[in-house]
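Report on one structure; see the data block that follows.
The values are calculated or read from the model by the stated rules, or taken from the named source; none is laboratory data. Only a predicted model underlies this, so the values are computations on that prediction, with no experimental measurement involved. No Cβ is skipped: glycine too gets one built from the backbone with ideal geometry, and neighbour counts run over all protein chains shown.
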Amino acid sequence: MEWFTEPFALAFQQRALLGGALAALMTSVVGTWLVLRGMSFFGDAFVHGVVPGIAAAVVLDINPLLGAAVAAAVMVFAIEVVNRQTVLSEDTSIGLLFVGMLALGVVIISRLDTYSGSLTSILFGDALGVTTSDLYGQAILAIIVIAVALALYRPLLALSFNAEKAELWGMKPKRAHAALLVLIAAAVIGSYQSVGTLLVFGLLVGPPATASLIARTVPRMMIYSAIIALFSVWLGLTLSYHLSTAGSATMALVPIVLFFIVLAITRLAPKRAPQEVAHA
Amino acid sequence: MPDAVVGRHVVISRGDRVALKDSDFTIPQGAITAIIGPNGSGKSTLLHAIANLLPISGGALSVLGATPELSQSQIAYVLQYTTVPAGTPLTVREAVAMGRYPTLGFLRRPSADDKKRVQQAMERLDIAHLADRHLTELSGGQRQRVYVAQGITQDHAMLLLDEPLTGLDINSAKTIDGIIHDEPTRGCSVVLTTHDLEEAKAADHVILTSGYVVASGPPAQVLTPDNLATAYGLGSLHAKDDDAPLFPTEHHDHGFDISHNAHDQHGHGHDHGH
């Protein structure tokens, strides 16, 4: 029993667990739509795209959340400009901004004396350094993100189903897509302090992708995703304590390992036949 | 019978390309209208404009007595290609229930009546026994029935179907054909696109397209050898000088009953001299 309780005996360890749990809940709900919309590469680029904003905030000694928000807006705007002004595919424009923003972030942060430590902190987070004040901010953001994502369930499902049908049904697909970008940004910004910008992607994609292997409806996918993400945070922190590994990285690694375990189990399980069931 | 759709000098563009040139046409209310023409002749473009998915770039288009934008909520549209990503966990029941979204909006909970409408639509399309199946577990014909069920679940005065019977198994084609016939008896106008001349002949009203509307009116007036030659090119017809073979009196497989199309006398045709 001690093996389970010991990693969370101290206050900073409990804050790490709570911060990770809030990140897990936010990223599960938003990540479900990210996976369903086939926007994983965008999500990957996005979590790197906020790096220069956070780096600039560290250099200028302002709120990193503000810097991340500005960088996210710049990145989305630049992707849209490339999409509208060229015939290049969207993944090319995302790739351009992915590399450009990450490089810019490293250039900015390299001006600091604590270059290496600051960059590591941004990319990989500092789960054990989360403060109570951080948790309050993260909790408020989590409530807003989850509430908005649930309120937009129908527009986002319609958009995932078919954008033209969504338009016909009055589900405002363009606004729903824009809202999803904002939700992704909010989830990344709200989670990076716990798990880092790089590893928040593991929570954004890993649990929803694993949940999609076993869920038959989108609400169930969200619920399974949240359970998997919470379990990953807990197991990741527990393992990192006992194995003396990096907390954030271990948290992000668990859902990926879980994905392959669930994939193997589902592939070994008998499948239902796709033929029409005979009926009277 | 009043017209559900009236187009006067309608021009529709897709990007920089004019997809439908200056065209006049009508679509009668409470009847079956078939839009027929070669590939790329503007059939789907016309449906998109009626559904307000494409704005017209010229002329005037009245749908259900108003602009396409104002009428959009009264139109159910079964698209030709609805490709749902394989990883989307969506059951048949939930997919059909999405047809209630225009009525429910973002947040309103489905009432007992909404659920009843979903169940009735699944029963009409003979997919109630598949309600808990995942969309990816269905055959192409079953999926098409789901999309039609989704369409009729919606509160609608007009049902648009883009090539609804193309490539379907006989059971699915017959079931959807039954819906196409049944909807006008409920006061709904049905507009479908097709490549099948037999389907077009069996409709109440026909619009023949070839980058513009070649002719619009009752099948006998529209599907003449001259109009078909104009739309499809000379030499495409076997019986250019004889109308009779184009209008058999017998019913045919998954076509429409042509006996109820005699009421439509307001068709017109015009030749753009292309």
Those residues of the range B:196-219 which are within 12 Å of the chain's Cα centre (by Cα) and surrounded by fewer than 24 Cβ atoms within 10 Å (Cβ to Cβ) amount to none
Looking across the range B:26-47 at residues that are part of a strand (DSSP E or B) and among the aliphatic types (A, V, I, L, M), the single one that is surrounded by the most Cβ atoms within 10 Å (Cβ to Cβ) is B:35
Of the candidates B:83, B:103, B:88, the one satisfying the condition of being of a type in the set (Ser, Thr, Tyr), in a loop (DSSP other than H, G, I, E, B) and more than 7 Å from chain A (Cβ to nearest Cβ) is B:83
Among (1) surrounded by 19 or more Cβ atoms within 10 Å (Cβ to Cβ); (2) away from chain A (no Cβ under 14 Å), residue B:120 falls short only on (1)
All-but-one check, residue A:175 against (1) within 14 Å of chain B (Cβ to nearest Cβ); (2) within 27 Å of residue B:132 (Cα to Cα), failing number (2)
Flagged pairs (Cβ under 7 angstrom, 6 or more apart or on separate chains; first in the range A:198-226, outside any helix (DSSP H, G or I); second among the β-branched types (Val, Ile, Thr)) are A:213/A:262; A:213/A:266; A:214/A:262; A:214/A:266; A:216/B:91; A:217/B:91
Per the filter on the range B:68-80, residues in contact (Cβ under 8 Å) with a residue 12 or more places away in the chain and either more than 10 Å from chain A (Cβ to nearest Cβ) or of a type outside the set (Gly, Ala, Ser) (or both) are B:68, B:69, B:71, B:72, B:74, B:75, B:77, B:78, B:79, B:80
Regarding the range A:46-64, can at least one residue be identified that is in contact (Cβ under 8 Å) with a residue 60 or more places away in the chain and of a type in the set (Asp, Glu)?
no
Per the filter on the range B:106-117, residues away from every other protein chain (no Cβ under 12 Å) and not in a helix (DSSP H, G or I) are B:111
(1) in contact with a helix residue (DSSP H, G or I) (Cβ under 8 Å, 6 or more places away or on another chain); (2) closer than 30 Å to residue A:263 by Cα all hold for residue B:104 apart from (2)
Filtering the range A:155-211 down to residues that are within 22 Å of residue A:20 (Cα to Cα), among the hydroxyl-bearing types (Ser, Thr, Tyr) and modelled with pLDDT of 85 or more yields A:210
